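Data first, discussion second: the structure below is written as structure tokens.
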Amino acid sequence: AQSVTQLGSHVSVSEGALVLLRCNYSSSVPPYLFWYVQYPNQGLQLLLKYTSAATLVKGINGFEAEFKKSETSFHLTKPSAHMSDAAEYFCAVITASGGSYIPTFGRGTSLIVHP
Amino acid sequence: GAGVSQSPRYKVAKRGQDVALRCDPISGHVSLFWYQQALGQGPEFLTYFQNEAQLDKSGLPSDRFFAERPEGSVSTLKIQRTQQEDSAVYLCASSSPGGYTFGSGTRLTVV
């Protein structure tokens, strides 16, 4: 079964600094991978997704992620953090189950942005 | 509607009480998912529907949990005899070929 591991439950950066949130996947087949963001008391919002096209995927709010098969990684980056980026971030992989495709999530990384 | 709507947004239940959580998916979305998100954790899969058929319920934690989608649109997640460990946010999502859309969730607190 496919799974994802997010390294670091909390990441703290200064405003304007590089953001790097780590995600490693485990999959026996080429995976579909996603990053979602969750603001307090809200649902999950899709940031970006990898579906075996370009390995560098650009998403909303200036975020991007690079699929690296050799490292089984799909890390999320943003060149310059804004205060508004403070939220919970989840990496997800699609698990195939009887012909349907079910997102399986990591435990999440809380991004803290200091002024 | 424009998004996935869940109600109620908040629910406080006394231990042992039955609760029902509602999900209105995006119109026309065939697939519907329920997830449980405990505090500080990622969403955990509960069950999945394709139209009215429940194709996967492997994530339901006990037989106190029951979900239905009788007409292939609105879905209800029912929890019988609630326990404190059921306290969590319950998220619903619907999907199209373009992707998955999540509702804002129902926060259930069992006291």
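The values are calculated or read from the model by the stated rules, or taken from the named source; none is laboratory data. All figures in this text were calculated on a predicted structure; none of them were measured in a lab. Please note: Cβ atoms are built from the backbone with ideal geometry, for glycine as well, and neighbour counts cover all protein chains shown.
For the range B:1-56, a residue qualifies if it is at the interface with another protein chain (Cβ under 9 Å from one of its Cβ atoms), surrounded by fewer than 17 Cβ atoms within 10 Å (Cβ to Cβ) and small (Gly, Ala, Ser), and the qualifying residues are B:GLY3, B:GLY40.
So which residues in the range A:46-68 are surrounded by fewer than 16 Cβ atoms within 10 Å (Cβ to Cβ) and touching a residue at least 12 places away in the same chain (Cβ under 8 Å)? Within the range A:46-68, A:THR51, A:SER52, A:THR55, A:ILE60, A:ASN61, A:GLY62, A:LYS68 qualify. Among the residues making up the range B:61-111, those that are of a type outside the set (S, T, N, Q), buried (at least 19 other Cβ atoms within 10 Å of the Cβ) and not in a strand (DSSP E or B) are B:ARG69, B:ASP86, B:GLY103, B:GLY105.
B:GLN41 falls short of the stated requirement of being closer than 18 Å to B:SER104 by Cα and part of a strand (DSSP E or B). Does A:SER73 satisfy the criteria of being hydroxyl-bearing (Ser, Thr, Tyr), farther than 21 Å from B:LEU91 by Cα and either at pLDDT 95 or above or surrounded by fewer than 21 Cβ atoms within 10 Å (Cβ to Cβ) (or both)? It is true that A:SER73 is hydroxyl-bearing (Ser, Thr, Tyr), farther than 21 Å from B:LEU91 by Cα and either at pLDDT 95 or above or surrounded by fewer than 21 Cβ atoms within 10 Å (Cβ to Cβ) (or both). If you filter the range A:64-108 down to residues that are of a type in the set (Ser, Thr, Tyr) and assigned to a helix (DSSP H, G or I), you find that the one that is nearest to the other protein chains (Cβ to nearest Cβ) is A:SER84. Candidates in the range A:26-36 are the residues that are out of contact with any Phe, Trp or Tyr (no Cβ under 6 Å at 6 or more places or on another chain) and crowded, with 22+ Cβ neighbours inside 10 Å; of these, the one that is farthest from A:MET83 (Cα to Cα) is A:PHE34. The set of residues from the range B:1-38 being among the aliphatic types (A, V, I, L, M) and in a loop (DSSP other than H, G, I, E, B) comprises B:ALA2, B:VAL4, B:ILE26, B:VAL30, B:ALA38. Here the range A:4-58 is the region considered, the condition is being modelled with pLDDT of 95 or more, outside any strand (DSSP E or B) and under 16 Å from A:HIS75 (Cβ atoms), and the residue that is farthest from the chain's Cα centre (by Cα) is A:ALA17.
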